[in-house]
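Below is one structure, written out as structure tokens; the observations come after it.
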Amino acid sequence: MPTDEGTIETLANQEYKWGFVTDIEADALPKGLNEDIVRAISKRKNEPEFMTQWRLKAYRHWLTMTEPKWPNVKYPKIDFQDVIYYSAPKAKKQLKSLDEVDPELLRTYEKLGVPLEEQKIFAGVAVDAVFDSVSVATTFKAKLAEMGVIFCSFSEAVQEHPELISKYLGSVVPYSDNFYATLNSAVFSDGSFCYVPKGVRCPMELSTYFRINAKNTGQFERTLIIADEGAYVSYLEGCTAPMRDENQLHAAVVELVALKGAQIKYSTVQNWYPGDKEGKGGIYNFVTKRGKCMDSARISWTQVETGSAITWKYPSVILQGDNSIGEFYSVALTNHMQQADTGTKMIHIGKNTRSTVVSKGISAGKGQNTYRGLIKILKNATNARNYTQCDSLLLGDKCGAHTFPYIEVRNTSSKAEHEASTSKIGEDQLFYCKQRGISLEDAVNMIINGFCKEVFRELPMEFAVEAQKLLGVSLEGSVG
Amino acid sequence: MALVEIKNLEAAVGGKPILKGIDLTINPGEVHAIMGPNGSGKSTLSSVLAGRETYTVTGGSVLFDGKDLLDLSPEERACEGLFMAFQYPVEIPGVTTSYFLKAAVNAIRKHHGQDELDAMDFLKMVKEKMALLEMDKTFLNRSVNEGFSGGEKKRNEIFQMAVLNPKFAILDETDSGLDIDALKIVANGVNALRSPERAILVVTHYQRLLDYIVPDFVHVLCDGRIVKSGGKELALELEKRGYAWLETAAA
């Protein structure tokens, strides 16, 4: 009879499935960063002067900053002069329709299962795909435009809707916010933009698919979503990258603006290449995600993080308006040598603001998983409420789970609750399942999925199924 | 043919011998009770038969329905029709009882080359069995054993036995932690599951359970060996005299 250890070993050797490289000619700027590079990026993108100035302001500020050292992660020093800050699939002319997109690129997305072609219209998901640094295709644009919804690449928005960009860019994550966000502000090359007008309920899930392809390329995308008064939008984000021995840098910024009574639901399934079992390669994922809620608005972040060598992100909500609601549901999984320092910040400024945080950390192999959360209730935020639940699950005895909750309450009418638990998938649980005829892998999957249930039920249906499968694959063979 | 044939079975945990040569033959339709003082090896015997990895079999053989039981993994044993009602059923948060049981039913069906049951058929089958154990409807949607009382947990075990329909069921100290009402419900459930095709091994410290589940044979385990076997009247004698007279005999 094979031991569990043996079965698990075999399963653990499952390869990263999305690790292929697409051979496409790229138009890249030289490695390194200086004012000329920043100007060159802006020029390539044919940006108006205010954008160039904004980037330069960010770049100059970045020079005065140092890398944050407080996260509970370890990695060799990054040489920021050794990164290519702009790489785009070479396009011979302006793309008019999907037919003109390089077929090689379309095949890549097909492999990834992104429904880029309009024939997959039944999927009901509008997709903006970002390949390396530029957005290559946005589907369903016309249909969305009928309702006044703008969903396009960031570059296009800069050209077509400069007034919205200048009004909202940096309004939630200012250019000076933090080391990586400031770097992003200087060099971001593309991303997605979405505006949902007053009172409109966006009829379909909007989705962005990010892919880092070129070697030594950093991906610095920027997403800006604005839900005008009373609007609703649900947004999905998925990510993959080829397997490379070098670490690749990903420093994105996502800004969400929910005006009075608006609702934004932002879901992420992040599956960047995590590196191999010895910790070689993988994506450094240093991301700043933040949303701002005006009166009675609501922002929900739901994330399933299974990839990246290092994850450093804290999707946050500024509860500016009275009666606004912020939510954060997260599953973060670390296996092999992966490290994650993730959590959220809920800043209660308005009265009667509410926030809910449900964080599920799963550590396997030698993975290190840290939850870091800040609940800040300001003086005028009377009757604010927060509920935080933070659970960790350990598989094996070489991994770690850490929790750093920070709670600041500055008035007496508010209430913050924090619950935390750490558990191990026990031999008893596994034996119980096996005694009922359930195989080891199915038992582990079942226990993990049970553990993550509260988060999965927040995900849109098709995403939830994908997330469950992804967890299964990422965890195979981690019990022993 | 005997359903279960245990021959000179020896087992150890952490290098310490616990079972020191067990011989036991169980035929289909029979109910056997294993009794014995604490530390005699009763639970070890159940665990070894179910295939728990913490125990090492150091000698002997077990034939189950003609197959070498010790050569099968725990899940294969389950699929072949061996069921154990746990003394301490574990909790699995977030996994509903119906999801768990459906996974178990379908794993076993798959093993026998049968089609998986769909949700409707499964629910229909399960509802019939729930009536048997007087279980509440909400029970299926609760997480496996989470927040269950001791009685509910044990009822859940017998309910699972009813659903999985095993050839051979081991009830490991099923009476522990039960009040008399819960004990009766559990025993009624077990009795309803007695059949000419099924064998049941009741492992218990007290005679009390055997008032309700009346065994065909009673065996007394002392220090890793069966020191006395007899009919149901042996249990009553043990109730009166205790185990001490047999322990001296064993030594």
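The values are calculated or read from the model by the stated rules, or taken from the named source; none is laboratory data. Predicted, not measured: the structure shown is a model, and the values here were computed from it. Every residue, glycine as well, gets a Cβ built from its backbone with ideal geometry; the counts of neighbours run over all protein chains shown. The accessibility values were calculated without ligands, DNA or RNA, using every heavy atom of the protein model including side chains. Shrake-Rupley method; radii C 1.70, N 1.55, O 1.52, S 1.80 Å.
What dipole magnitude, in Debye to the nearest 20, does chain B give about its Cα centre under +1 on Lys/Arg Cβ and -1 on Asp/Glu Cβ? Show your work: numbers first, answer last.
Numbers: 28 positive and 35 negative charges, 39 e Å.
For chain B, the charge dipole is close to 180 debye.
Calculated over the stretch B:1-115, the projected area of the Cα convex hull averaged across directions stands at 8.7 nm². Across B:E237, B:E134, the residue with the most accessible area heads the list, and the full order at a 1.4 Å probe is B:E134, B:E237. Note on A:422-435: average number of Cβ atoms from other chains within 10 Å of each residue's Cβ is 6. Counting only protein heavy atoms and a 1.4 Å probe, the stretch A:366-437 has 46 square angstrom of accessible area per residue.
In this structure, the amide hydrogen of B:E10, modeled 1.01 Å from its nitrogen in the peptide plane, lies closer than 5 angstrom to those of B:G21, B:I22, B:T58, B:G59, B:G60, counting only residues at least 5 positions away or on a different chain. Applying 1/(1 + (r/R0)^6) with r as the Cβ-Cβ distance of A:E67 and A:S423 and R0 = 30 angstrom yields a FRET efficiency of 0.30. Past the 18 angstrom mark, what percentage of all C-alpha to C-alpha distances in the stretch B:109-251 do you count? In whole percent, the share of Cα-Cα pairs in the stretch B:109-251 beyond 18 Å is 63.
Both chains summed, the buried accessible area for A and B stands near 2200 Å², from protein heavy atoms and a 1.4 Å probe. Just so you know, the averaged projected area of the alpha carbon convex hull for chain B sits at 13.4 nm². Taking 25 °C and 0.890 mPa s as conditions, the stretch A:335-480 diffuses translationally at an estimated 147 µm²/s according to Stokes-Einstein applied to its Kirkwood radius (Cα pairs).
The residue list B:A169, B:F122, B:L133 was ranked by how far each Cα lies along the charge dipole of chain B toward its positive end, using unit charges on Cβ atoms, and B:L133 comes out on top.
Apply the a/c threshold of 1.5 to the C-alpha gyration tensor of the stretch B:67-180 and tell me whether it is rounded, prolate or oblate.
Working: a/c = 1.80, a/b = 1.18, b/c = 1.53.
Oblate shape, in that a/c is at least 1.5 and b/c is the bigger or equal ratio.
The stretch B:152-229 gives an Rg/Rh value of 0.96, both radii derived from C-alpha positions and Rh following Kirkwood.
For the stretch A:274-344, which semi-axes, largest first and in whole Å, follow from the square roots of 5 times the eigenvalues of its Cα gyration tensor? Can you show the working numbers first?
On the way: eigenvalues 195, 19, 8 Å².
Gyration-tensor ellipsoid for the stretch A:274-344: 31, 10, 6 Å.
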